[in-house]
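Q: Please see the structure below; I have some questions.
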Amino acid sequence: MPCEPARTTADREPGTSGTVLIVEDEVLIRFALADFLRANNFKVYEARDGEEAIQLLSFYRADIDVVFTDVRLPGGIDGFSLAQWVRRYKPAAAVMIGSGFAVDLAAATIDDVTFFTKPYDLKAVRLALEAVSHQHRDRAE
């Protein structure tokens, strides 16, 4: 993965709808969601698990508006644990969680988190991300 310096909200590329980190171990789902969001003017980072997501969040600092994560991830950090990490260390970033298992979302106890079920309604995801990204930018400015 090529490294680039961390940027602030003021350095955001003009015309983008926001910056999203997608955390999803299912490659086809991650690629489809990332391609859709890029086609809708989002800047997108991708991670395959919680550990990689934390590395990206630590490197890019304020640049990421929203973390969109699956609940079930390989390794020791699932989507709920990642959401708690984001709340603690990157509180300006919003969190959205998705799952194909209703039991995962029923067990969710995290305040101020938007939940989506798989298969994703891409239009609904885009609209939610746009709203949250705009709120993030307004808070940062």
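Q: Return the residue satisfying two criteria in turn: it lies in the stretch 83-117 and is modelled with pLDDT under 90 and among the charged types (D, E, K, R), and of such residues it is farthest from LEU57 (Cα to Cα). Talk me through it step by step, then tell me what you get.
A: Going residue by residue through the stretch 83-117, those that are modelled with pLDDT under 90 are 92, 99-117.
From the residues that got through so far, the ones that are among the charged types (D, E, K, R) too are 104, 111-112.
Numbers: ASP104: 24, ASP111: 20, ASP112: 19 Å.
Top of the filtered list is ASP104.
Q: I'd like the full set of residues that are of a type in the set (Phe, Trp, Tyr), over 22 Å from GLY100 (Cβ atoms) and part of a helix (DSSP H, G or I), limited to the stretch 35-74.
A: PHE59, TYR60
Q: Further, regarding this structure: Looking only at residues that are free of Cβ contacts under 8 Å to residues at least 60 places away in the same chain and not β-branched (Val, Ile, Thr) in the stretch 33-45, which one is farthest from HIS134 (Cα to Cα)?
A: Taking the stretch 33-45 as the starting set, the residues that turn out to be free of Cβ contacts under 8 Å to residues at least 60 places away in the same chain are 34-35, 38-39, 41, 43-45.
Next cut, not β-branched (Val, Ile, Thr) only: 34-35, 38-39, 41, 43, 45.
Details: ALA34: 19, ASP35: 20, ARG38: 16, ALA39: 18, ASN41: 13, LYS43: 14, TYR45: 18 Å.
That would be ASP35.
Q: Checking ALA53 against (1) under 17 Å from LEU82 (Cβ atoms); (2) out of contact with any strand residue (DSSP E or B) (no Cβ under 6 Å at 6 or more places or on another chain); (3) among the small types (Gly, Ala, Ser), which single condition isn't satisfied?
A: Only one criterion in (1) under 17 Å from LEU82 (Cβ atoms); (2) out of contact with any strand residue (DSSP E or B) (no Cβ under 6 Å at 6 or more places or on another chain); (3) among the small types (Gly, Ala, Ser) is unmet by ALA53, namely (2).
The values are calculated or read from the model by the stated rules, or taken from the named source; none is laboratory data. No experiment lies behind these values; they were computed from the predicted model shown. Glycine gets a Cβ as well: all are built from the backbone with ideal geometry, and neighbour counts include every protein chain shown.
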